[in-house]
1. Quick check on the range 89-106: of everything there that is open to solvent by less than 60 Å² (accessible area, probe 1.4 Å) and part of a loop (DSSP other than H, G, I, E, B), which residue is farthest from ASP168 (Cα to Cα)?
2. Which condition breaks for SER109 when tested against (1) open to solvent by less than 50 Å² (accessible area, probe 1.4 Å); (2) touching a residue at least 40 places away in the same chain (Cβ under 8 Å)?
3. Give the residue, chosen from ILE66, ILE79, that is open to solvent by less than 50 Å² (accessible area, probe 1.4 Å), at pLDDT 95 or above, β-branched (Val, Ile, Thr) and assigned to a strand (DSSP E or B).
4. Kindly evaluate TYR199 against the criterion of being crowded, with 21+ Cβ neighbours inside 10 Å, of a type outside the set (A, V, I, L, M, F, W, C), farther than 23 Å from ILE25 by Cα and in contact (Cβ under 8 Å) with a residue 40 or more places away in the chain.
5. Looking at ALA61, ALA120, which is the one that is of a type in the set (Gly, Ala, Ser) and assigned to a helix (DSSP H, G or I)?
6. It is to be established whether one or more residues within the range 25-39 are within 20 Å of THR163 (Cβ to Cβ) and surrounded by fewer than 17 Cβ atoms within 10 Å (Cβ to Cβ).
7. ARG172 passes all but one of (1) in contact with a Lys or Arg (Cβ under 6 Å, 6 or more places away or on another chain); (2) at positive phi; which number fails?
Amino acid sequence: DSDLVDQAGELIEGSQIDWGGDQVIVETSCGAFRAERAIVTLPLGVLAADAVGFRPPLPDAKQDAIKRLGTGVLNKIAIRFSRPFWPADVTHLTYLSEDPDEPLGGFTSLLPHGHPVLIAHLAGRRAVEFESLSDDEAVARVCHVLGRMFGDAVSTVDSATVTRWHRDPYSRGSYSHIPVGARGSDYERLAAPISERLYFAGEATCRAHPATVHGAYLSGLREAERILAGR
């Protein structure tokens, strides 16, 4: 819903993190929060968009790392069908189109787990373009491709969920990657704490496991241990 996206954007835009005094002060539309230390888990896309301000500004090395690292987009369209029509013993299906611009090509099946669900994957520019479609239009595009793969065997749609990570003001993308000009050490620069007051966690701060849920989880443990150790 575009109205909800706009409202969420208003909540985060204008937020400030003041770490220059004796305490960290996080100013939000819901009020100000104070603490001796703070762990910043803002996604890389939000940091790169300067949606949240820092007072004083972040060190140059950290700002440069934020600018160099990239934020990729991977959207998913999960559809639950009334009955399965694809092989029960496979977890991934691939569609090779004659159209080089066809955005849909990979599917994950949840049928091995007992659910008649297919998840379509869209990445990069095409994933961003797909976000302008309504849920019904996106599902129809997926079903059209499945129709080419399985013909009239495609069953009716029971329900569907469509992600739009690029438009989401709380993420502004799916996960980090290393584009031309960036390097693995930029993950470490982003993870570096500031003045034993401001700490950073999230998948974009985990050089060993970036772009993963477990990388984000491990980074949280890392920063908790760092704070408890007084580092």
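The values are calculated or read from the model by the stated rules, or taken from the named source; none is laboratory data. Keep in mind that this is a model prediction, so the values were computed, not measured. Note that each Cβ is placed from the backbone with ideal geometry, even for glycine, and that neighbours are counted across all protein chains shown. Quick note on the areas: whole protein, heavy atoms, side chains included, nothing else; ligands and nucleic acids left out. Shrake-Rupley method; radii C 1.70, N 1.55, O 1.52, S 1.80 Å.
1. Looking at residues that are open to solvent by less than 60 Å² (accessible area, probe 1.4 Å) and part of a loop (DSSP other than H, G, I, E, B), I get VAL90.
2. Evaluating SER109 over (1) open to solvent by less than 50 Å² (accessible area, probe 1.4 Å); (2) touching a residue at least 40 places away in the same chain (Cβ under 8 Å) leaves (2) as the failure.
3. ILE79 is the lone residue from the list that is open to solvent by less than 50 Å² (accessible area, probe 1.4 Å), at pLDDT 95 or above, β-branched (Val, Ile, Thr) and assigned to a strand (DSSP E or B).
4. no
5. Within the list ALA61, ALA120, the selection yields ALA61.
6. No, because not a single residue in the range 25-39 is within 20 Å of THR163 (Cβ to Cβ) and surrounded by fewer than 17 Cβ atoms within 10 Å (Cβ to Cβ).
7. Checking ARG172 against (1) in contact with a Lys or Arg (Cβ under 6 Å, 6 or more places away or on another chain); (2) at positive phi, the one that fails is (1).
Here's the yes/no breakdown for (1) touching a strand residue (DSSP E or B) at 6+ places or on another chain (Cβ under 7 Å); (2) at pLDDT below 95:
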| position | (1), (2) |
| --- | --- |
| TYR175 | yes, yes |
| VAL180 | no, no |
| ARG183 | no, no |
| ALA192 | no, no |
| ALA204 | yes, no |
| HIS214 | no, no |
